[in-house]
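The values are calculated or read from the model by the stated rules, or taken from the named source; none is laboratory data. The shown structure was predicted, so the numbers you read here are calculated from the model rather than taken from an experiment. Positions of Cβ are backbone-derived with ideal geometry, glycine not excepted, and every protein chain shown enters the neighbour counts. For accessibility, only protein heavy atoms count, side chains too; no ligands or nucleic acids. Shrake-Rupley method; radii C 1.70, N 1.55, O 1.52, S 1.80 Å.
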Amino acid sequence: MNHIVCIAYVPDTETKIRIAAGGVSIDEADVKWIVSPYDEYALEGALQMKEAKGGTVTALTFGPARADTGLRECLARGADDAIRIASEGLGEVDSLGVARLLAGAIKALPHDVVWMGNKGVGTDAQVLVPMLAELLDLPHVNLVTKLEWKDGAVLAYREIEGAREIVEMPLPGVIGATKGLNEPRYASLKGIMAAKKKAIAVKTPADAGVDPVTVAGEAAHVRWTKLELPPARQAVKLVPGDDPAKAATELLRLLRDEAKVL
Amino acid sequence: MSFSGVDFLGIEDMLSEDERAVRDLVRAFVDEDVLPIIEECAYEGRFPVELVPKMAAMNLFGSTISEYGLPGLNSVAYGLMAQELERGDSGLRSFVSVQSSLVMYPIYTYGSKEQKDRWIPALARGESIGCFGLTEPDFGSNPAGMRTVAKRDGNDWILNGAKSWITNGSIADVALVWAKVGDVNGPVRGFLVERGMKGFTAPEHRMKMSLRASVTSQLVFEDVRVPAASVLPGVEGLKGPLSCLTQARYGISWGGLGSAMATYTCALDYAKSRKQFKDRPIASHQLVQAKFAFMITEITKGQLLALRLGRMRDAGTMKPEHVSMVKRNNVWVARECAKLAREILGANGIVGEYPVFRHLANIESVFTYEGTHDIHTLVLGQAVTGIPSYNPPME
């Protein structure tokens, strides 16, 4: 089976985000970039399947040159090929635009399973899995925590409120992986050295069959108009606990009158 | 909280993409798998043996070898790996140094094809653990005085003597033991002694106050019969073990930086959040800032030394005295940083809630193992004056 894993190369979740001048983007200086942890579950799922049944794993992303480091990390873990659709010069592209670019590139490749995390941890829009499936005219199953493979189909387990849902999806299809699906492996030093020798294919939007004018700038359906940091957290207020009854009364008063949550 | 590195002078720019990738891989492993357990391990006096399969899967053992399907890292990538491991714990780095530089390196360099085929893959996969026996109870800085002797008996050798301060000793499947052949005046040869051989025991050193997350043992040989095929054929004389030590000390040169980074980073975070006097962080105090200025300057100088040494090692121009300079300096830096960090943390500097005291205790061992600080001083003295002071020519 041929696996395509779409990855997002995003700011580390521990990065201290600062808003850039202009107020509609983040300041990228000093940001540490990582492959989205949810995409790591997707990659691990594809690698385990390849190890069990053979086939290839291709890592795919849309982004600037720095994303090559993320793709190389995928190669070091065991992906066979890596493709980047270059975002340079495009300006802001919304989720649908990204889905169209990814779908365009995927259509040109043999694919039995298209994988990605249920979300990146960048803008956290969480819409790419269904969008991509629609554009590829494939079924999808999202937020998957366990997989069982059958001939030409896959059983996908999803945790839903108070129950577990098991969905059978015919292949080819799109899988949205989430935490719990597996434990992503570390790369190996051998993998890093081998990845160094592999080329990353860099494509233009036109290569993916998409006219940049139709996805970027004014053509984007969703545009950022303003970014704001959450208000600074106030100092913690400690209620002295020497007298429990008094402390409880005071806590109730604070929750009702100050925090206004009661 | 993951570690984001210490890089005051933009040394990152002098590293290749794969060197950075190797470092980041080991960094993530240390953050995710080592730091959550290491304080308990050290407190309990336990080596985290459960990490061995994971480290093997990442190819951390014998990583500079390129045969036997091993990664063939360059020296800087290998050094960065040692740095990150020692940022976790000196004992963990010691384990990898011993397995790689003191066991796999000599077997690979001086071993027969049969010895290599048998041991290199097993040691790389972590299925076998190795140790290295040179130091004896009475001979540390002067290994030439060793009293362990192997006498020929038909096709075998009969080994008698004792080694001490041997990392991994009690958990090792194979011990590379250096012994004099014939009698105490004979030349030194390397013997691969296997666990379970009759007369071979490895009792652990007790009550260790440093490197507590590492196994340190004696090796005792009482008429141990070792087949001739277990002698390393490729080397005779002290240059055998000394060449291994040069490799291991190279790794320690980087390891010291890792220890220093750990204590420096911890102290810096602490000083920024600990408030005294008018609710100001102690990081705003001049005496505290002076400590940080010292630490960051020494760490940065150490990084430049280590990087230069690594480039020389790959170019084939690195000499033992170069390694002496950097091992001596960088472990001293780590020791000074640990002391200063402990001062900055006050009472918190002595509890296991912070990594500082563990590093402080560990670095005391590293300061005098693999060549004591003083012996490396004398190696440098000899290198520049031409006169060996510790073993002066007889008048």
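Values computed for the structure shown
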| quantity | calculated |
| --- | --- |
| Kirkwood Rh, angstrom, region B:197-334 [1 / mean 1/r, Cα pairs] | 18.9 Å |
| Over the protein assembly as shown: Kirkwood hydrodynamic radius from C-alpha pairwise inverse distances, Å | 28.0 Å |
| 11 Å beta-carbon shell around residue B:317, net charge (K/R +1, D/E -1) | +3 |
| Gyration tensor (alpha-carbon) shape descriptor, region B:134-205, a/c threshold 1.5 | oblate |
| Shape call, region A:189-238: gyration tensor on alpha carbons, a/c limit 1.5 | oblate |
| Antiparallel bridges, percent of DSSP beta bridges restricted to chain B (to nearest 5) | 80 percent |
| Residue A:229 versus residue B:311: modelled label distance in nm, points set 7 Å from Cα along the beta carbon direction | 3.8 nm |
| Buried on assembly, region A:193-208 (at least 10 Å² less accessible surface than by itself, 1.4 Å probe) | A:193, A:196 |
| Gaussian network model of chain B, springs between alpha carbon atoms under 10 Å - residue of B:287, B:345, B:245 with greatest fluctuation | B:287 |
| Loss of accessible area when B meets A, both sides summed, Å² nearest 100, probe 1.4 Å | 1500 Å² |
| Cα-projected label distance for residue A:65 with residue A:165, points at 7 Å along beta-carbon direction, nm | 4.4 nm |
| Helix axis angle, B:286-315 relative to chain B longest principal axis, alpha carbon, degrees | 40 degrees |
| For region A:103-225, alpha-carbon Rg over 2.2 N^0.38 Å | 1.26 |
| Cα-based convex hull volume of chain B per residue, rounded to whole Å³ | 144 Å³ |
| Descending Cα extents along the principal axes, region B:1-155, whole Å | 59, 37, 31 |
| Evaluated over region B:40-85, the Cα radius of gyration and Dmax, each in Å | 12.9, 39 |
| Accessible carbon and sulfur surface of chain B relative to its total accessible area, %, 1.4 Å | 54 percent |
| Positive minus negative residues near residue A:11 (Lys, Arg vs Asp, Glu; Cβ under 12 Å) | -2 |
| Buried on assembly, region B:61-87 (at least 20 Å² less accessible surface than by itself, 1.4 Å probe) | B:69, B:71, B:73 |
| Per residue value of the accessible surface for region A:110-262 (all protein chains in place, 1.4 Å probe), Å² | 64 Å² |
| Residues along region A:8-25 losing 50 Å² or more of accessible surface when the other protein chains are present rather than the chain by itself (probe 1.4 Å) | A:14 |
| Average projected area [Cα convex hull, region B:77-167], square nanometres | 7.7 nm² |
| Cα gyration tensor of chain A - equivalent ellipsoid semi-axes, whole Å, descending | 38, 25, 19 |
| Cα-based reach from residue A:32 at 17 Å (exclusive), listing lysines while leaving out same-chain residues under 8 positions away | A:16 |
| Accessible-area order (highest first, 1.4 angstrom probe) of the listed residues B:104, B:207 | B:207, B:104 |
| Shape call, region B:210-258: gyration tensor on alpha carbons, a/c limit 1.5 | oblate |
| Between helix B:356-368 and chain B: long-axis angle, C-alpha atoms, 0 to 90°, nearest 10 | 40 degrees |
| Residue-normalised accessible area of region B:317-395, given per residue in Å² at a 1.4 Å probe | 50 Å² |
| DSSP-loop trypsin sites (Lys or Arg not before Pro) across region A:44-122, with at most 13 other Cβ within 10 angstrom | A:66 |
| Highest-fluctuation residue, B:217, B:365, B:101 considered, GNM on chain B with Cα pairs under 10 Å | B:365 |
| Using a Förster distance of 22 Å, the FRET efficiency for residue B:152-residue B:195 (Cβ separation, nearest 0.05) | 0.40 |
| log₁₀ of I(q)/I(0) at q = 0.19, 0.26 Å⁻¹ - region A:159-227, Debye sum with one point per alpha carbon | -1.00, -1.14 |
| Hydrodynamic radius by Kirkwood, which averages 1/r over all alpha carbon pairs of region B:305-395, in angstrom | 15.0 Å |
| Accessible carbon and sulfur surface of region A:69-136 relative to its total accessible area, %, 1.4 Å | 50 percent |
| Under 28 Å from the Cα of residue A:150 - lysines, other chains or at least 8 residues apart | A:50, A:53, A:107, A:119, A:179 |
| Inter-label distance for residue A:213 and residue A:92, nm, one decimal - labels placed 7 Å from Cα along Cα-to-Cβ | 2.1 nm |
| Compactness relative to 2.2 N^0.38 Å, alpha carbon Rg of region A:71-172 | 1.19 |
| Rounded to 5, the percent of DSSP beta bridges in the protein assembly as shown classed as antiparallel | 60 percent |
| By accessible area with a 1.4 Å probe, ligands and nucleic acids excluded, highest first: order of A:179, B:291, A:203 | A:179, A:203, B:291 |
| Heavy atoms of residue B:7: accessible area, 1.4 Å probe, square angstrom to 10 | 60 Å² |
| Nearest 10 degrees, 0 to 90: helix A:67-77 Cα axis against chain A principal axis | 70 degrees |
| Top positive-direction residue, dipole computed over region B:249-395 with Cβ charges, set B:391, B:267, B:299 | B:267 |
| Residue-count net charge about residue B:186 - beta-carbon cut-off 12 Å; Lys, Arg +1, Asp, Glu -1 | +3 |
| Aspartates and glutamates whose Cα lies under 20 Å from that of residue A:260, excluding same-chain neighbours fewer than 8 positions away | A:250 |
